[in-house]
Amino acid sequence: MDDQLGGWGFLSNHARVLLTITRNPSARIRDIAAACHITERTATSVVSDLEQAGYLSRQRIGRRTRYTLHLEGPLRHPAESHLPVRALLELFIAHDTDH
């Protein structure tokens, strides 16, 4: 599908994963990957990136993982670094008709 769209999109995998976890903090990696149209390996890598950067933490509860988001951190690109991640996610959640 990316080829039909010119090979780029407005949101990165990192933004999609954060948005998916915002909607369901106990989502499995399999579910995150499916929702974001990425592989489980990519989803695992993105979650690790986000955890290392301080945007989320993970807690094992039995056989499941529960994610806690830390959304006051700034967006990473210098042009938007004055905005917290929360601002981006709230924009999508406010217009989310499925959830």
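None of the figures in this text is laboratory data; all of them are computed from the coordinates on show. This structure is a prediction, so every number in the text was calculated from the model and none was measured.
At-a-glance table
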read-out	value
For segment 69-80, Karplus couplings with θ = phi - 60° (6.51, -1.76, 1.60), whole Hz, Gly/Pro x	8, 10, 9, 8, x, x, 4, 7, 6, x, 5, 10
Placed amide H near LEU75: partners under 5 Å, 5+ positions off or other chain	LEU83, VAL85
Which label in [x] 5.5; [y] 7.1; [z] 8.8 gives the computed mean projected area of the Cα convex hull in nm²	[y]
